[in-house]
Amino acid sequence: MSCCSQWQSSMSDLRPETFLAWRALASNTVKPRAANNSNEGIHYSTAGPFDLYGTKLVAACVRHATHYVDITGETPWMQCPIAQHHARAQVEGTLIIPCCGFDSIPSDLGTWMMVQAMRERHGVDCVAVKAAFSMRGGLNGGTLASALNMLGKGESERMADPFLLNPPETRPIDVQRHADPVLPRVAPCCPVWTRT
(Lines give C-alpha, C1' and ligand atoms only; values in the text may rest on other atoms or scores of the structure.)
Protein backbone atom coordinates (compact mmCIF):
# COMPACT_ATOMS: atom_id res chain seq x y z
CA MET A 1 0.00 0.00 0.00
CA SER A 2 1.32 3.47 -0.82
CA CYS A 3 0.41 6.36 1.46
CA CYS A 4 0.76 9.94 0.26
CA SER A 5 1.08 11.53 3.68
CA GLN A 6 3.29 13.88 5.59
CA TRP A 7 2.97 11.70 8.69
CA GLN A 8 5.24 8.82 7.68
CA SER A 9 6.94 8.61 11.10
CA SER A 10 3.58 8.62 12.93
CA MET A 11 2.28 5.84 10.71
CA SER A 12 5.34 3.71 11.51
CA ASP A 13 4.29 3.70 15.14
CA LEU A 14 0.73 2.63 14.25
CA ARG A 15 1.49 -0.14 11.74
CA PRO A 16 1.88 -3.63 13.18
CA GLU A 17 4.69 -5.56 11.53
CA THR A 18 2.22 -8.09 10.15
CA PHE A 19 0.09 -5.44 8.43
CA LEU A 20 0.34 -4.40 4.78
CA ALA A 21 3.67 -3.14 3.56
CA TRP A 22 3.44 0.56 2.80
CA ARG A 23 5.54 3.52 1.79
CA ALA A 24 5.00 7.27 1.83
CA LEU A 25 5.10 9.20 -1.42
CA ALA A 26 4.64 12.86 -2.24
CA SER A 27 2.09 12.84 -5.05
CA ASN A 28 3.27 16.11 -6.55
CA THR A 29 6.84 14.86 -6.94
CA VAL A 30 6.32 11.24 -8.02
CA LYS A 31 6.03 10.32 -11.67
CA PRO A 32 2.71 8.48 -12.10
CA ARG A 33 4.40 5.22 -13.09
CA ALA A 34 6.69 5.30 -10.05
CA ALA A 35 3.73 5.11 -7.70
CA ASN A 36 3.01 1.60 -8.95
CA ASN A 37 6.34 0.02 -9.79
CA SER A 38 6.54 -2.18 -6.69
CA ASN A 39 3.53 -4.36 -7.55
CA GLU A 40 1.57 -3.01 -4.59
CA GLY A 41 -2.14 -3.55 -4.96
CA ILE A 42 -3.52 -0.34 -3.44
CA HIS A 43 -2.58 3.33 -3.66
CA TYR A 44 -4.09 5.26 -0.75
CA SER A 45 -3.88 9.02 -1.20
CA THR A 46 -4.39 11.25 1.83
CA ALA A 47 -3.25 14.71 0.76
CA GLY A 48 -5.04 17.23 -1.42
CA PRO A 49 -5.92 19.22 -3.30
CA PHE A 50 -6.82 16.15 -5.31
CA ASP A 51 -7.79 18.33 -8.26
CA LEU A 52 -4.14 19.36 -8.48
CA TYR A 53 -2.38 16.13 -7.47
CA GLY A 54 -4.82 13.23 -7.88
CA THR A 55 -5.64 13.11 -11.58
CA LYS A 56 -2.30 11.69 -12.73
CA LEU A 57 -2.26 9.24 -9.81
CA VAL A 58 -5.68 7.84 -10.72
CA ALA A 59 -4.60 7.51 -14.35
CA ALA A 60 -1.41 5.68 -13.31
CA CYS A 61 -3.34 3.37 -11.01
CA VAL A 62 -5.77 2.41 -13.76
CA ARG A 63 -2.94 1.99 -16.27
CA HIS A 64 -1.13 -0.38 -13.87
CA ALA A 65 -4.22 -2.16 -12.47
CA THR A 66 -3.58 -0.76 -8.99
CA HIS A 67 -6.60 0.02 -6.83
CA TYR A 68 -6.92 3.70 -5.84
CA VAL A 69 -8.45 4.97 -2.56
CA ASP A 70 -8.47 8.56 -1.31
CA ILE A 71 -9.98 10.86 1.30
CA THR A 72 -11.13 13.62 -1.04
CA GLY A 73 -14.34 15.53 -0.62
CA GLU A 74 -13.80 17.34 -3.94
CA THR A 75 -16.84 16.05 -5.84
CA PRO A 76 -16.34 18.36 -8.86
CA TRP A 77 -12.86 16.88 -9.36
CA MET A 78 -14.16 13.30 -9.05
CA GLN A 79 -16.17 13.68 -12.26
CA CYS A 80 -12.94 13.84 -14.29
CA PRO A 81 -11.38 10.50 -13.24
CA ILE A 82 -14.78 8.81 -13.36
CA ALA A 83 -15.39 10.03 -16.91
CA GLN A 84 -11.86 9.21 -18.06
CA HIS A 85 -11.22 5.89 -16.33
CA HIS A 86 -14.42 4.18 -15.18
CA ALA A 87 -14.89 2.01 -18.28
CA ARG A 88 -11.32 0.63 -18.34
CA ALA A 89 -11.17 0.22 -14.56
CA GLN A 90 -14.46 -1.70 -14.61
CA VAL A 91 -13.34 -4.04 -17.39
CA GLU A 92 -9.98 -4.71 -15.70
CA GLY A 93 -11.38 -4.97 -12.18
CA THR A 94 -9.46 -1.98 -10.83
CA LEU A 95 -11.27 -0.13 -8.06
CA ILE A 96 -11.29 3.67 -7.88
CA ILE A 97 -12.68 4.59 -4.46
CA PRO A 98 -12.73 8.29 -3.59
CA CYS A 99 -14.35 9.85 -0.51
CA CYS A 100 -12.94 7.62 2.23
CA GLY A 101 -12.34 10.48 4.64
CA PHE A 102 -14.35 12.21 7.34
CA ASP A 103 -16.54 14.03 4.79
CA SER A 104 -18.01 10.70 3.76
CA ILE A 105 -17.32 7.66 5.89
CA PRO A 106 -19.19 8.54 9.13
CA SER A 107 -22.30 9.76 7.31
CA ASP A 108 -22.31 7.02 4.64
CA LEU A 109 -21.67 4.15 7.04
CA GLY A 110 -23.96 5.67 9.65
CA THR A 111 -26.78 5.91 7.11
CA TRP A 112 -26.19 2.36 5.89
CA MET A 113 -26.20 1.07 9.48
CA MET A 114 -29.42 2.96 10.25
CA VAL A 115 -31.16 1.55 7.17
CA GLN A 116 -29.99 -1.97 8.06
CA ALA A 117 -31.16 -1.61 11.67
CA MET A 118 -34.59 -0.32 10.61
CA ARG A 119 -35.04 -3.27 8.25
CA GLU A 120 -33.82 -5.87 10.75
CA ARG A 121 -35.57 -4.53 13.86
CA HIS A 122 -38.74 -3.05 12.42
CA GLY A 123 -39.13 -4.54 8.94
CA VAL A 124 -39.37 -1.13 7.26
CA ASP A 125 -37.15 1.01 5.07
CA CYS A 126 -35.96 4.46 6.13
CA VAL A 127 -37.56 7.39 4.37
CA ALA A 128 -34.79 9.80 5.40
CA VAL A 129 -31.73 9.85 7.63
CA LYS A 130 -30.49 13.09 9.19
CA ALA A 131 -27.03 13.16 10.73
CA ALA A 132 -25.11 15.83 12.62
CA PHE A 133 -21.54 15.84 13.90
CA SER A 134 -19.75 18.05 16.36
CA MET A 135 -16.23 19.05 15.49
CA ARG A 136 -13.27 20.33 17.45
CA GLY A 137 -10.05 21.69 16.12
CA GLY A 138 -9.49 23.25 12.74
CA LEU A 139 -8.92 22.45 9.12
CA ASN A 140 -5.68 20.87 8.03
CA GLY A 141 -3.61 22.37 5.23
CA GLY A 142 -4.80 19.95 2.54
CA THR A 143 -8.47 20.55 3.33
CA LEU A 144 -7.99 24.32 3.31
CA ALA A 145 -5.98 24.17 0.06
CA SER A 146 -8.71 22.00 -1.53
CA ALA A 147 -11.46 24.42 -0.49
CA LEU A 148 -9.53 27.45 -1.76
CA ASN A 149 -8.75 25.66 -5.03
CA MET A 150 -12.43 24.82 -5.61
CA LEU A 151 -13.56 28.35 -4.70
CA GLY A 152 -10.92 29.77 -7.04
CA LYS A 153 -12.30 27.63 -9.87
CA GLY A 154 -15.89 28.70 -9.18
CA GLU A 155 -17.02 25.22 -8.09
CA SER A 156 -19.37 26.32 -5.25
CA GLU A 157 -22.58 25.50 -7.13
CA ARG A 158 -21.36 22.08 -8.24
CA MET A 159 -20.08 21.33 -4.72
CA ALA A 160 -23.59 21.94 -3.37
CA ASP A 161 -25.20 19.44 -5.79
CA PRO A 162 -25.83 16.22 -3.80
CA PHE A 163 -26.32 14.27 -7.05
CA LEU A 164 -23.30 15.60 -8.94
CA LEU A 165 -21.75 12.16 -9.36
CA ASN A 166 -24.96 10.27 -10.07
CA PRO A 167 -25.65 9.06 -13.60
CA PRO A 168 -28.11 11.51 -15.22
CA GLU A 169 -30.96 8.98 -15.30
CA THR A 170 -30.84 8.61 -11.50
CA ARG A 171 -31.13 12.31 -10.61
CA PRO A 172 -34.43 13.23 -8.95
CA ILE A 173 -36.55 15.97 -10.47
CA ASP A 174 -36.40 18.07 -7.30
CA VAL A 175 -32.69 18.14 -6.44
CA GLN A 176 -33.13 21.04 -3.99
CA ARG A 177 -35.32 18.91 -1.73
CA HIS A 178 -32.22 16.82 -1.01
CA ALA A 179 -29.76 19.69 -0.63
CA ASP A 180 -27.84 20.32 2.58
CA PRO A 181 -29.02 23.32 4.61
CA VAL A 182 -27.06 26.50 3.95
CA LEU A 183 -27.98 28.59 6.99
CA PRO A 184 -27.82 27.64 10.68
CA ARG A 185 -31.09 26.38 12.11
CA VAL A 186 -32.48 24.55 15.11
CA ALA A 187 -32.53 20.84 14.33
CA PRO A 188 -36.08 19.44 14.29
CA CYS A 189 -35.00 16.33 16.21
CA CYS A 190 -33.31 18.00 19.16
CA PRO A 191 -32.71 21.49 20.58
CA VAL A 192 -29.32 22.19 18.96
CA TRP A 193 -28.21 24.54 16.22
CA THR A 194 -26.92 22.87 13.08
CA ARG A 195 -25.32 23.98 9.83
CA THR A 196 -23.48 22.26 7.00
### Message
Just the number please: accessible area per residue for the range 49-114, 1.4 Å probe, all protein chains included, in Å².
### Response
51
### Message
Just to make sure I understand: if all protein chains stay in place, what is the order of Tyr68, Tyr44 by accessible area at 1.4 Å, largest first?
### Response
Tyr44, Tyr68
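Please list Val186, Val62 from largest to smallest accessible area, probe radius 1.4 Å, with all protein chains kept in place.
On the way: Val186 80, Val62 5 Å².
Final ranking, largest accessible area leading: Val186, Val62.
With every protein chain kept in the model, how would you rank Trp112, Trp77 by accessible area, 1.4 Å probe, largest at the top? It would help to have the intermediate numbers written out before the result.
Numbers: Trp112 150, Trp77 15 Å².
Listed by decreasing accessible area, they come as Trp112, Trp77.
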### Message
If you roll a 1.4 angstrom probe over the protein chains with everything in place, what fraction of the accessible area of the range 42-196 belongs to carbon and sulfur, to the nearest %?
### Response
60
### Query
Which far-off residues, 5 or more places away or on another chain, put their amide H under 5 Å from the one on Tyr68, with H placed in the peptide plane?
His43, Leu95, Ile96, Ile97
### Computed accessible area, Cys126, all protein chains, 1.4 angstrom probe, square angstrom
40
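Given the range 41-196, what percent of its DSSP beta bridges are antiparallel, to the nearest 5? Walk me through the intermediate numbers first.
On the way: 2 of 8 bridges.
Bridges in the range 41-196 are about 25 percent antiparallel.
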#### Entry: Table column - 3J(HN,Hα) (Hz), the range 116-127, Karplus curve with 6.51, -1.76, 1.60, x for Gly and Pro
4, 5, 4, 5, 5, 8, 10, x, 10, 8, 6, 8
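The values are calculated or read from the model by the stated rules, or taken from the named source; none is laboratory data. What you see is a predicted model; the values in this text were computed from it and never measured. We work out accessible area using only protein heavy atoms, side chains counted, and drop any ligands, DNA or RNA first. Shrake-Rupley method; radii C 1.70, N 1.55, O 1.52, S 1.80 Å.
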